[in-house]
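The values are calculated or read from the model by the stated rules, or taken from the named source; none is laboratory data. Source: prediction; values computed, not measured. Positions of Cβ are generated from backbone atoms using ideal geometry, with glycine treated the same way; all protein chains shown enter the neighbour counts.
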Amino acid sequence: MSKSLNKKVVHIAFIKHVTELTKMICCPHCKNFWLNAKNDKSMNYARKMKTHTASCGQNKEAEKKKQVVLGVNKPFVQKFNKQFLFSQLFARGMIDINGKGLNENLDLTESNTLSSSAGNDYVGIDGFITFNFDTMEEIINEKTSDSTTLLSVLHPLSVAMSVSTNDIKTYYFDLRDGENFVELFVQQLFKSAADVKEYNLNRHRPLIESLWYIENKTTNARLFKPYNCVKVFGYNSGKFDDNLIFDDLNKVGKIKKIIGGSTKYKAVNVIVSENLYIQFCDTMHYTAGGSLENFAKNFGGATNLKGTFPYEAVRFDNYNEVLSGSEPLPKETFFSTIKNSGISDEEYKDYVNNLKQMNSHWDNLKKYNEQDTQIMIPSNR
């Protein structure tokens with residue numbers, strides 16, 4: 001052990017376990033106060049060290065650094081963390097905490113990016129996509145092991161998606177488009193995702209240009225980063241719909257990240273291109289459960305709710321025969337063994353009247369599937 005008083009360097013201060021090596025106690029703050037603990041059976045060194053550390057000047061400075069004093073309570077505004085553009089506009093006094101515009105010289109209505117009533121107020125990113133699958137059951141009843149029996153397998157029958165931008169566009173695919181109709185759906189999904197990204201970016205372009213930093217590439221990247229992600233919402237999709245498109249997603253894009261357990265995915269990130277990826281989100285994960293109809297009614301105020309469709313009457317071995325017909329199916333075919341209930345007389349009457357305006361049950365399936373995606377839109381905004 002050596003020390004240099006002129007340079008004020010004490011080598012013992014850099015030893016990790018000083019006490020075990022020298023039987024001496026060093027102040028953890030100033031490193032200049034030492035006590036000999038050797039043969040001190042009364043433990044006086046512990047009391048003296050406690051007295052010193054309580055009055056050590058460097059200890060008090062360290063405590064001050066740990067304390068953060070706020071002049072006002074920190075508001076809970078999720079936009080600060082989630083939307084970098086919002087925090088930059090607020091920091092420069094261009095909007096208030098609620099997103100209301102304070103800069104009269106910046107009017108977004110001139111570029112037709114917001115409604116005329118919005119003026120120069122901040123509106124978050126609101127372009128997204130909803131999707132939903134309808135399936136049919138194939139009865140298997142095959143014993144795969146001594147303790148396991150495979151009862152049935154679900155096959156995709158149709159899929160629909162609605163793209164919410166300044167208007168709503170709905171796309172629909174089913175088995176009549178070919179056995180690769182899921183791949184066709186994924187291709188259209190990627191094209192629509194690019195359109196949604198462009199829509200979201202154009203709505204905020206005047207705001208982004210007002211904060212343009214030519215000399216700061218990092219800030220530029222953070223401003224544009226949120227627009228590279230396009231949300232695709234489903235209901236109970238993490239347990240059901242996502243599993244029907246995994247193979248086709250990897251054909252057209254690349255699954256980058258899966259969040260959640262293997263039995264129910266919370267989110268799935270899929271790379272479309274270098275500056276675009278889509279994120280499949282299960283809206284049911286953020287609710288207490290329930291049916292899609294109740295979710296759309298309670299959270300979105302939807303009034304144009306789901307119709308009726310005889311799920312269990314359409315099976316893998318008879319789907320084309322049933323769906324190609326135009327005559328109303330018996331009311332008994334609408335009984336659901338999962339819900340242990342059927343439909344009312346009034347619902348069946350509406351089904352019969354609606355079917356008169358259609359060519360076949362394929363049209364009823366299309367309407368039913370498309371409505372599932374459309375009623376999700378108000379709830380996810």
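Determine whether residue 307 is at positive phi and either in a helix (DSSP H, G or I) or out of contact with any His (no Cβ under 6 Å at 6 or more places or on another chain) (or both). Considered against the rule, which asks whether it is at positive phi and either in a helix (DSSP H, G or I) or out of contact with any His (no Cβ under 6 Å at 6 or more places or on another chain) (or both), residue 307 comes out as no.
The set of residues in segment 285-297 that are assigned to a helix (DSSP H, G or I) and either loosely packed, with under 12 Cβ neighbours inside 10 Å or in contact (Cβ under 8 Å) with a residue 40 or more places away in the chain (or both) comprises 285, 286, 292, 293, 295, 296. Can you tell which of 137, 63, 104 is more than 30 Å from residue 277 (Cα to Cα), modelled with pLDDT of 80 or more and out of contact with any Gly (no Cβ under 8 Å at 6 or more places or on another chain)? When all the criteria are applied, what remains is 137. Scanning segment 139-158 for residues that are of a type outside the set (Ser, Thr, Tyr) and either surrounded by 13 or more Cβ atoms within 10 Å (Cβ to Cβ) or without any contact (Cβ under 8 Å) to a residue 12 or more places away in the chain (or both) yields 140, 141, 142, 143, 146, 150, 153, 154, 155, 156, 157.
Given the criteria surrounded by 15 or more Cβ atoms within 10 Å (Cβ to Cβ) and at pLDDT 85 or above, does residue 206 qualify? Criteria not met by residue 206. Any chance segment 221-229 includes a residue that's surrounded by fewer than 19 Cβ atoms within 10 Å (Cβ to Cβ), of a type outside the set (A, V, I, L, M) and at pLDDT below 80? Yes, there is a match, as at least one residue in segment 221-229 is surrounded by fewer than 19 Cβ atoms within 10 Å (Cβ to Cβ), of a type outside the set (A, V, I, L, M) and at pLDDT below 80. Pairing each residue of segment 42-68 that is of a type outside the set (Asp, Glu) with any residue that is modelled with pLDDT under 65, provided the two are 6+ apart or on different chains, yields C-beta distances under 8 Å for 53/59.
Among the candidates 340, 364, the residue that is in contact with a helix residue (DSSP H, G or I) (Cβ under 8 Å, 6 or more places away or on another chain) and either surrounded by 15 or more Cβ atoms within 10 Å (Cβ to Cβ) or assigned by TED's automatic domain parsing to the domain that holds residue 189 (or both) is uniquely 364.
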